[in-house]
Amino acid sequence: RKQTVAISALIGPLRPHPEFERAVAAMDAGDLEGLGRLLAAHPELVHARTNLEPPYGYFTGATLLHHVAGNPDRGRNAGKLGPMPSNHVEIARLLLDAGAEVDAKTLGPNHGDTMGLLLTSRQASENGMAGPLIDLLVEYGAPLDVTAADVLVPSLVNHAPRAAERLIEMGAKPDLFAAAALGCMDWVRA
């Protein structure tokens with residue numbers, strides 16, 4: 001396929017960073033100090049990419065910051081979503097302070113950024129991390145247009161209601177379908 005050839009050309013020159021998996025493991029364990037030590041010893045790690053082998057899905061060429069979104073869920077266990085560490089927002093802040101690009105795109109067919117992955121993350125929503133992470137990404141300059149007519153759709157169709165609720169708090173206007181999906185009967189009646 002033409003798309004696969006284009007992605008292969010982007011990925012061809014990239015090599016996996018030898019410490020990438022250790023960094024992801026530190027993130028998943030909530031080991032802020034360990035991750036900080038890895039980033040101090042290997043500052044280039046914040047720009048490194050993973051998932052460089054076919055098949056090329058939406059998470060191809062993801063950075064460490066992309067992993068913060070919890071999409072895809074790496075802790076899936078018997079159909080249940082994995083937990084996120086309680087200091088997950090601090091982990092994201094550490095990555096951003098170390099120079100992670102808030103709007104970096106994955107290299108897969110969708111070219112998703114961290115905000116897009118977060119808005120569609122069931123794991124972040126169910127772990128209560130969606131709102132705080134959205135706020136952090138916006139603080140660091142991530143683009144987010146809460147006035148877009150369909151801004152709530154990705155969160156709602158991907159079972160991420162806490163993300164949709166945070167967008168509404170930020171000014172997104174729910175339509176009838178969004179209100180019904182969130183179970184807001186007062187809005188439905190209105």
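The values are calculated or read from the model by the stated rules, or taken from the named source; none is laboratory data. Keep in mind the model is a prediction, meaning the values are calculated, not measured. Here the Cβ positions follow ideal geometry from the backbone for every residue, glycine too, while neighbour counts run over all protein chains shown. Areas reflect the complete protein model, heavy atoms only, side chains present, ligands, DNA and RNA absent. Shrake-Rupley method; radii C 1.70, N 1.55, O 1.52, S 1.80 Å.
Once every Cα of the stretch 142-183 carries one equal point scatterer and solvent is ignored, give the base-10 log of I(q)/I(0) from the Debye formula at q = 0.13, 0.25 Å⁻¹, two decimals.
-0.21, -0.80
Pop out the Kirkwood hydrodynamic radius of the stretch 1-111 from its pairwise C-alpha distances, inverse of mean 1/r, in Å to one decimal.
Every distinct Cα pair counted, the radius reaches 14.6 Å.
Can you give the Rg to Rh ratio of the chain, both from alpha-carbon atoms, with Rh computed by the Kirkwood formula?
Rg/Rh for the chain comes to 0.99.
Rank 106, 158, 132 by how far each Cα sits towards the positive end of the charge dipole of the stretch 103-190 (+1 on Lys, Arg Cβ; -1 on Asp, Glu Cβ) and give me just the farthest.
158
At 0.36 nm per residue, and after removing the present C-alpha to C-alpha distance, how many nm does the segment from residue 105 to residue 6 gain when stretched out fully?
Working it through step by step, the gained length comes to 34.1 nm.
Send over the per residue convex hull volume for the stretch 86-190, Cα only, as a whole number of Å³.
That works out to 100 Å³ per residue.
Which one, 119, 152, 96, has the greatest fluctuation when you compute a Gaussian network model over the chain with C-alpha springs under 10 angstrom?
Evaluated over the chain, the most mobile residue of the options is 96.
Would you rank 97, 113 by solvent-accessible area, highest first, keeping every protein chain in place and using a 1.4 Å probe?
Ranked list, largest accessible area first: 97, 113.
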